[in-house]
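Quick notes on the structure that follows.
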Amino acid sequence: MNATRNRTQKNRPLDSPLTTGLTIPVRYYRMNAVHLKTEGGRLLARIIENPKQLIISHAKEILYQQGYQKLSMRALSKACGIALGTIYNYYPTKKDLLFEMMTDYWQRFLDAVTEIIATDADIYPKLHRVFTELEIFISNFRQYWLTPELYGDQAYSDGGLQKDHCFIDQLIDLIAAELTRAAADNTIQIRLGAQETAKFIITNCITIVQMPLFQYQSFELFLKQLLE
């Protein structure tokens with residue numbers, strides 16, 4: 001009796017009169033998507049693992065290769081092989097989808113910065129590598145995200161800018177933590193405070209990317225004088 005109850009709890013029938021007797025483990029409902037299709041008169045269920053990541057991946061592919069106007073929920077459904085209704089369950093509006101894509105884009109950059117900081121290199125080579133990642137990030141960001149199609153929408157631009165500021169603050173926090181560690185090892189001396197110094201570094205790195213005539217190497221010389 002207990003064994004039967006446990007099996008019942010682990011599986012749940014698909015809610016359709018066409019799928020009587022077909023059960024899917026409950027954990028898949030929480031983490032994955034179930035895609036139904038007919039083949040040879042039979043209804044087949046296909047488990048799609050990590051559906052949100054699959055949706056985001058295909059959405060970025062459409063945006064980067066075809067542009068914002070071609071990014072529709074219907075086109076995305078076709079590209080992913082996921083039912084349109086399932087996509088709307090995850091992202092009720094296109095703006096929700098775009099914000100999630102932007103979050104994913106920023107998070108990948110922050111993950112790359114975290115990996116750089118975790119290395120055993122000295123503080124200055126680390127900062128130079130962070131600058132290189134930031135340069136690539138901003139270049140791609142301009143091309144795909146700072147477009148009139150996207151930022152012409154006031155609601156999107158306001159929300160997008162809020163997210164940008166949030167992620168820039170996270171980047172500053174990462175750099176501040178690394179500066180604090182370097183100061184504890186007596187590698188550098190922080191005169192302005194770790195947070196203010198990190199903000200100074202990131203602000204200038206962004207400026208250098210936007211003004212190619214100003215080289216990072218020149219800024220690094222000034223930074224060494226400030227921190228040593």
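Is it true that R74 is under 20 Å from I168 (Cβ atoms) and either part of a loop (DSSP other than H, G, I, E, B) or of a type in the set (K, R) (or both)?
Against the criterion (under 20 Å from I168 (Cβ atoms) and either part of a loop (DSSP other than H, G, I, E, B) or of a type in the set (K, R) (or both)), R74 does not qualify.
Within 19 Å of the chain's Cα centre (by Cα), surrounded by 14 or more Cβ atoms within 10 Å (Cβ to Cβ) and at pLDDT below 85: which single residue out of Y105, Y156, Y90 fits that description?
Unique residue meeting the criteria: Y156.
In the set F141, F131, F99, which member is among the hydrophobic types (A, V, I, L, M, F, W, C), modelled with pLDDT of 95 or more and under 30 Å from Y64 (Cα atoms)?
Every option except F131 fails the conditions.
When you check Y28 against the structure, is it under 32 Å from the mean Cα position of the chain (by Cα), over 30 Å from L127 (Cβ atoms), at pLDDT below 50 and in a helix (DSSP H, G or I), yes or no?
yes
Can you tell me which residue is nearest to the chain's Cα centre (by Cα) among those in segment 191-204 that are modelled with pLDDT of 95 or more and of a type in the set (A, V, I, L, M, F, W, C)?
Among residues in segment 191-204 that are modelled with pLDDT of 95 or more and of a type in the set (A, V, I, L, M, F, W, C), the one nearest to the chain's Cα centre (by Cα) is I202.
For E61, all conditions in the list (1) more than 23 Å from Q143 (Cβ to Cβ); (2) at pLDDT 85 or above hold save one; what is the number of the exception?
(1)
Consider segment 159-181. How many of its residues are more than 14 Å from W106 (Cβ to Cβ) and either surrounded by fewer than 18 Cβ atoms within 10 Å (Cβ to Cβ) or modelled with pLDDT under 95 (or both)?
The total comes to 3.
Being surrounded by 17 or more Cβ atoms within 10 Å (Cβ to Cβ), outside the structural domain of F167 (by TED's automatic domain parsing), closer than 26 Å to L134 by Cβ and not basic (K, R) is the requirement here; does L63 meet it?
When the stated conditions are applied, L63 passes them.
Okay, residues lined up against (1) at positive phi; (2) surrounded by fewer than 12 Cβ atoms within 10 Å (Cβ to Cβ); (3) assigned to a helix (DSSP H, G or I):
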site	(1), (2), (3)
L97	no, no, yes
F109	no, no, yes
A112	no, no, yes
T119	no, yes, no
L127	no, no, yes
E133	no, no, yes
S139	no, yes, yes
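The values are calculated or read from the model by the stated rules, or taken from the named source; none is laboratory data. Note that this is a predicted model, so its numbers are computed, not measured. Ideal geometry is used to build each Cβ from the backbone, glycine not excepted, and the neighbour counts take in all protein chains shown.
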